[in-house]
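Presented below is the structure to which this report refers.
The values are calculated or read from the model by the stated rules, or taken from the named source; none is laboratory data. Keep in mind that this is a model prediction, so the values were computed, not measured. Every residue, glycine among them, receives a Cβ derived from its backbone with ideal geometry; neighbour counts consider all protein chains shown. SASA here: full protein model, heavy atoms, side chains in, ligands and nucleic acids out. Shrake-Rupley method; radii C 1.70, N 1.55, O 1.52, S 1.80 Å.
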Amino acid sequence: MYGLVNQAIRDMILVNHGEEIWAWVRQRAELEVDTFEGMEPYPDDLTHRLVMAASVELHDDPHALLRAFGEFWVKYTAAEGYGPLMDMAGSSLPEFLNNLDDLHARVGVNFPQLVPPSFDTEEHDQGTMHLHYHSSRQGLAPMVIGLVEGLGDRFDTPVEVEQLASRGEGADHDVFSVRYEPPQTSPGGVIEQP
Ligand code: 1DX
């Protein structure tokens, strides 16, 4: 994965736990470097080692960490130069989820070593969708839950995410149910802009 991901993990640990804990995580993950080049690709194994080392040092399980990291990623990328990219992907939770493949395609034009996941949305009732997540990487479903929760924060939209199918349990791919507060509409059907 691109170094941006490792950089964000480092930042999350630094902001929430400080330099000393980061130094321990670094050592446990056997990193030879202290910083990452955001726009350079790194082996996935390094990211995996980082999460595992952080989980030991922070006494937190890797799933909880990945979920927190998903939430952090939405804020981090918006603040670290990818605000316009994020803005382009939509102005509501369902629109953004719908446009994720386009977002990754846009990044992939300039960063050909991107290995993007793919997301399909299925609108169910007003305020409920199923999110299908296809990835060549395993074990990141908890991060996806955090990512969707991060998008809920971004759009001030209360959201509940539940995993319906899990690749780790033999399903073809991960599926999530996403229940969200639909935007307020006036009697004329117009969305009220606050
Ligand atoms: F719901 O399953 C909201 O390296 C979501 O494989 C989900 O292969 C927001 F410059 C620049 C760069 C760089 C920008 F090249 C990435 F470095 C991408 C910024 C997406 C914002 C995917 C990161 C592949 C790296 C799933 C978890 C990984 C997707 C990670 C979250 C918005 C992003 O992200 C998997 C890689 C960006 C960039 C966003 C991702 C790679 C997501 C989301 N993915 C690199």
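Which of (1) open to solvent by 80 Å² or more (accessible area, probe 1.4 Å); (2) in contact with a Phe, Trp or Tyr (Cβ under 6 Å, 6 or more places away or on another chain) is the odd one out, the single condition P84 does not satisfy?
P84 satisfies all of (1) open to solvent by 80 Å² or more (accessible area, probe 1.4 Å); (2) in contact with a Phe, Trp or Tyr (Cβ under 6 Å, 6 or more places away or on another chain) except (2).
Out of the residues in segment 116-146 meeting the condition of being charged (D, E, K, R) and more than 23 Å from L46 (Cα to Cα), tell me which one is surrounded by the most Cβ atoms within 10 Å (Cβ to Cβ). Walk me through it before giving the result.
If we filter segment 116-146 for residues that are charged (D, E, K, R), which is where we start, we get 120, 122-123, 125, 137.
From what is left, the residues that are more than 23 Å from L46 (Cα to Cα) are 120, 122-123, 125.
Values: D120: 16, E122: 12, E123: 11, D125: 8.
Filtering first and then ranking leaves D120.
Among E149, E162, which is at pLDDT 95 or above and surrounded by 11 or more Cβ atoms within 10 Å (Cβ to Cβ)?
Selected residue: E149, the only one of E149, E162 that is at pLDDT 95 or above and surrounded by 11 or more Cβ atoms within 10 Å (Cβ to Cβ).
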